[in-house]
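Let me begin by presenting the structure, written as structure tokens, before commenting on it.
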Amino acid sequence: QVQLVESGGGLVQPGGSLRLSCTASGSIFSIYRMGWYRQAPGKQRELVASITAIGITNYADSVKGRFTISRDTAKNTVYLQMNSLKPEDTAVYYCNAVKDSRPSWGPGTQVTVSS
């Protein structure tokens with residue numbers, strides 16, 4: 001089983017930046033893909049960005065050009081650099097890992113974009 005812990009959320013003004021981190025532990029060998037999802041109040045959880053074991057990335061249209069997903073394999077950590085943040089980016093952000101077609105989730109970290 002894979003355990004995930006997120007960090008880096010907080011309150012930021014519109015136009016600002018945040019970097020989220022997600023560290024994986026446990027049975028991390030052969031994780032196929034890691035990514036970030038978010039869920040705003042009253043809305044469904046949605047994919048923000050993902051990165052596969054060979055470095056292929058995918059982004060939601062709403063964050064393309066503003067967010068960047070990256071990873072540090074040695075630290076078992078995935079990052080989400082978020083720039084030009086907008087109020088509509090406000091949500092709980094969840095780290096996700098897929099291994100053997102089974103997903104694991106972190107507890108989530110709150111991101112609030114407000115003046």
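The values are calculated or read from the model by the stated rules, or taken from the named source; none is laboratory data. Nothing here was measured: the structure is a model prediction, and the numbers come from that model. Glycine gets a Cβ as well: all are built from the backbone with ideal geometry, and neighbour counts include every protein chain shown. Quick note on the areas: whole protein, heavy atoms, side chains included, nothing else; ligands and nucleic acids left out. Shrake-Rupley method; radii C 1.70, N 1.55, O 1.52, S 1.80 Å.
Report the residue count in the stretch 1-30 for those that are within 19 Å of T52 (Cβ to Cβ) and either open to solvent by 30 Å² or more (accessible area, probe 1.4 Å) or in a loop (DSSP other than H, G, I, E, B) (or both). So that I can check it myself, show each step before the final result.
From the stretch 1-30, those within 19 Å of T52 (Cβ to Cβ) are 2, 4, 20-24, 27-30; that's our starting set.
This time we only want the ones that are either open to solvent by 30 Å² or more (accessible area, probe 1.4 Å) or in a loop (DSSP other than H, G, I, E, B) (or both), so: 23, 27-30.
Result for the stretch 1-30: 5.
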ask   = Counting only residues that are among the polar types (S, T, N, Q) and out of contact with any strand residue (DSSP E or B) (no Cβ under 8 Å at 6 or more places or on another chain), which one in the stretch 8-64 is nearest to K99 (Cα to Cα)?
value = Q44
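Looking at this structure, is V12 aliphatic (A, V, I, L, M), closer than 25 Å to S115 by Cβ and either over 12 Å from the mean Cα position of the chain (by Cα) or at pLDDT below 90 (or both)? Let's see the steps before the verdict.
Numbers: aliphatic (A, V, I, L, M): yes; closer than 25 Å to S115 by Cβ: yes; either over 12 Å from the mean Cα position of the chain (by Cα) or at pLDDT below 90 (or both): yes.
Taking the combined requirement at face value, the residue satisfies it.
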task = Give the residues of the stretch 57-77 that are at pLDDT 95 or above and not small (G, A, S), sorted by residue number.
result = T57, N58, Y59, D61, V63, K64, R66, F67, T68, I69
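Can you confirm whether V98 is on the phi < 0 side of the Ramachandran plot, surrounded by 21 or more Cβ atoms within 10 Å (Cβ to Cβ) and part of a strand (DSSP E or B)?
Taking the combined requirement at face value, the residue does not satisfy it.
What tally of residues in the stretch 15-34 results from selecting those that are of a type in the set (A, V, I, L, M, F, W, C), within 17 Å of A74 (Cα to Cα) and within 15 Å of the chain's Cα centre (by Cα)? Step through it out loud before you land on a result.
Just the residues of the stretch 15-34 that are of a type in the set (A, V, I, L, M, F, W, C), to begin with: 18, 20, 22, 24, 28-29, 31, 34.
Next, only the ones that are within 17 Å of A74 (Cα to Cα) stay: 22, 24, 28-29, 31, 34.
Subsequent filtering for residues that are within 15 Å of the chain's Cα centre (by Cα) retains 22, 24, 34.
Going through the stretch 15-34 one residue at a time, the tally reaches 3.
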